[in-house]
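*Asks:* Got a structure for you, written out below as structure tokens; questions coming shortly.
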Amino acid sequence: MAATALLRRADERTKALGDTISELLKMDEPRKRFAAVMSGLDIQYDLGDGHPLLGRRMPDLDLVTVNGPLRVFTLLHDAVPILLNLGEPGGLDITSWADRVRLIDARCVGTWELPVLGAVTAPNAVLIRPDGYVAWVGDLTQLGLAGALTTWFGPPAAA
């Protein structure tokens, strides 16, 4: 709305504001912040306390899997939930949700950079909803994983 207001008015005050914003957008941090706000990447759903990635859009990272390199967003093309295991391969068990959630063992190459927040510590495991938002962040203890899987993808399948 603010950008539209700037474009529609042509008075001296609006021109001065536009000039100030133009100067700010020449700097990295304000440019990143404006871009995140305008694209919605600053959105964080309240999914409780924890890792700064929880409730935010998963960054499109370079991954290395046993099948070769791939990017996180490639995994989202099928619109299925992804449990990304970045810890010990085979260390997570989601057998009761395997019909609904895809488990990927991988290593991450590069830094984890989030819009608005910047660099964050890489977690050992991330549950990504089909819309690309992170529903759970944890480690091989799987603390809270069953609850997140049940909340987002239904109860565990009967054995």
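*Asks:* Is the shape of the chain best called rounded, prolate or oblate, per the rule: a/c under 1.5 gives rounded, else a/b larger than b/c gives prolate, else oblate, with a ≥ b ≥ c the square roots of the Cα gyration tensor eigenvalues?
*Replies:* prolate
*Asks:* Continuing with this model, one more query. Local charge sum around Val134 (other residues, Cβ-Cβ under 10 Å, Lys/Arg +1, Asp/Glu -1)?
*Replies:* Net local charge, Val134 excluded: +3.
*Asks:* Still on this structure, please answer the following. Taking only protein heavy atoms and a 1.4 Å probe, what accessible area per residue, in Å², does region 43-159 have with all protein chains in place?
*Replies:* Per residue, region 43-159 has 52 Å² of solvent-accessible surface.
*Asks:* In addition: Give me the accessible area of Ile21, 1.4 Å probe, in Å² rounded to the nearest 10.
*Replies:* Its accessible surface works out to 40 Å², give or take rounding.
*Asks:* In the chain, with Lys and Arg counted as +1 and Asp and Glu as -1 at Cβ, which of these residues, Leu83, Met38, Val120, has the Cα nearest the positive end of the dipole, that is, farthest along it?
*Replies:* Met38
*Asks:* Say we join alpha carbon atoms closer than 10 Å with springs in a Gaussian network model of the chain; which of Val137, Val109, Val101 then has the biggest fluctuation?
*Replies:* Val109
The values are calculated or read from the model by the stated rules, or taken from the named source; none is laboratory data. Not measured: the values here are computed from a predicted model. As a convention, Cβ positions derive from the backbone with ideal geometry for all residues, glycine included, and neighbour counts pool all protein chains shown. In case anyone asks, the SASA skips ligands and DNA or RNA and just uses the protein heavy atoms, side chains included. Shrake-Rupley method; radii C 1.70, N 1.55, O 1.52, S 1.80 Å.
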